[in-house]
1. Consider only pairs whose beta carbons are under 6 Å apart and that are at least six residues apart or on different chains; among these, list those whose first residue lies in segment 259-284 and is at negative phi and whose second residue is of a type in the set (Ser, Thr, Tyr).
2. Looking only at segment 264-280, count how many residues are over 13 Å from ILE327 (Cβ atoms) and either assigned to a loop (DSSP other than H, G, I, E, B) or hydroxyl-bearing (Ser, Thr, Tyr) (or both).
3. Whether any residue in segment 231-245 is within 18 Å of the chain's Cα centre (by Cα), among the hydroxyl-bearing types (Ser, Thr, Tyr) and at pLDDT below 95 is what I want to check.
4. Of all residues in segment 197-228, which are buried (at least 20 other Cβ atoms within 10 Å of the Cβ), under 17 Å from ARG170 (Cβ atoms) and either touching a residue at least 60 places away in the same chain (Cβ under 8 Å) or in contact with a Phe, Trp or Tyr (Cβ under 7 Å, 6 or more places away or on another chain) (or both)?
5. Please enumerate the residues belonging to segment 229-255 that are over 18 Å from ARG324 (Cα atoms), among the polar types (S, T, N, Q) and crowded, with 18+ Cβ neighbours inside 10 Å.
6. Counting only residues that are modelled with pLDDT under 50, give me the strands (runs of 3 or more DSSP E) lying completely in segment 1-81 with at least 1 of them.
7. What number goes with the only condition from (1) farther than 17 Å from TYR94 by Cα; (2) surrounded by fewer than 19 Cβ atoms within 10 Å (Cβ to Cβ); (3) modelled with pLDDT under 95 that ALA144 does not pass?
8. With over 24 Å from ALA212 (Cα atoms), hydrophobic (A, V, I, L, M, F, W, C), touching a residue at least 40 places away in the same chain (Cβ under 8 Å) and in contact with a His (Cβ under 7 Å, 6 or more places away or on another chain) as the only criterion, which of LEU313, LEU342 stands out?
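The values are calculated or read from the model by the stated rules, or taken from the named source; none is laboratory data. Note that the structure is a prediction, hence the values are computed from the model and not measured. Cβ placement follows ideal geometry from the backbone for every residue including glycine, while neighbour counts extend to all protein chains displayed.
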Amino acid sequence: MNGSVVYGLPVGTLKWLTLLILIPFACMTAATGAGLSSFDAAPGTILTLTDDLDAQENPAIDGNTIVWNHVSEENPLIVVYTITTGEQTEIPVYITDRREGPQISGDYIVWTDKRSAGSPRDVQAVYLYTISTKELRNISSEAARPENPQISGDYVVWQDSREKEGYSSRDIYLYHIPTGEETVVCTAPHDQRAPRIWGDRIVWTDMRNGNADIYIYTISTGEETVFTTDTGDQTVSDIFRDQVLWTDTTSGELRLSNLTSGTDRVVSGGTSWKMGAALSGDRVVWSDAAFRGSDIPDNDLHLFNLTGEKEMLVYPSRYHSQGRPAISGDYIVWEEGGDIRLFTYIPGGSPPPSQETPGFAAPGALLSSGIFLSVWRRAGGGEHFERG
């Protein structure tokens, strides 16, 4: 075949062009599928909780119970899942666009909904569901325009854009479940948003100074204090007991501060995007940008064990972004590819098997091999390559 012409090109030239094109392609797809990372996989077990054509989103967890949104035009639901028994309970909701997820604490679940849509009060309200009694009630006042409710014990907190003095901005409101009393936490100028609550403390991101700062409110005393008003933006992520998890967006650092001891430390540095960070005990979990051969990032879940001083990947994904993580003790839940996954962290154990679907690596390698063999056989009939 030496000197022959195939597809309008000399055989030798065609062979070398095939190698130059397909070898980088195969390498790129393999790297894309593998999702290169310098972090070890966390030890534990993995369980996919859903298998439905409808999207499952926004999980939250407290102890043995997980809640999430079942997104559907015809039948939107909040799903309540018990880890130890696998039992599921479904709560019908009105809103089909579930951008906000339910939150859970003990026997209570809270979320925002428009159950009165079509009535004169066609606005969003905060709803409280008691798991043991299946009682459902609206707990926000007539004037409220609530978003992002959070719950801890007998208290519910949310950001609220109700009108005041002719204008509206987001403020922080608190509701006490046993008494039904609503309390104004903060109505400072500009937005106060993303409140988080644990026990007697509320923290939130505050824009009153022209940039994002963090403030704290003590429920028992009614006292507001400054957590940080540094230059640049600082945004709150979570609070657990006396520890506040927050992000310095200027440096990109995810930080943890102890309110009792006054100590502060970096959990994860660098400038990558850290989203949805959550804290439970000595474990921190967040969604971190992962580039797999593209300028558009996917997201991988990272876990940091404060006791062992180690950052790990929760369950390395080769083909789906992992987002909206929540954590309670050894349990981590998140949304991935329209499903809800549950990871049980087992220190000293082994990581679960890799995800079954190999992403782009295997298809890319097979495609490259197929094209290569086809051209090779057409051009040389299985002969060794020769320069043209």
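1. From residues that are at negative phi, the pairs are ASP264/SER257; MET275/SER287; ALA277/SER237; SER280/SER328; ASP282/THR307.
2. 6
3. No, segment 231-245 contains no residue that is within 18 Å of the chain's Cα centre (by Cα), among the hydroxyl-bearing types (Ser, Thr, Tyr) and at pLDDT below 95.
4. ILE197, ILE202, VAL203, TRP204, ASP206, ILE214, TYR215
5. Matches in segment 229-255: GLN234, GLN243.
6. Those strands (runs of 3 or more DSSP E) do not exist here; none qualify.
7. It fails just one condition, (2).
8. LEU313
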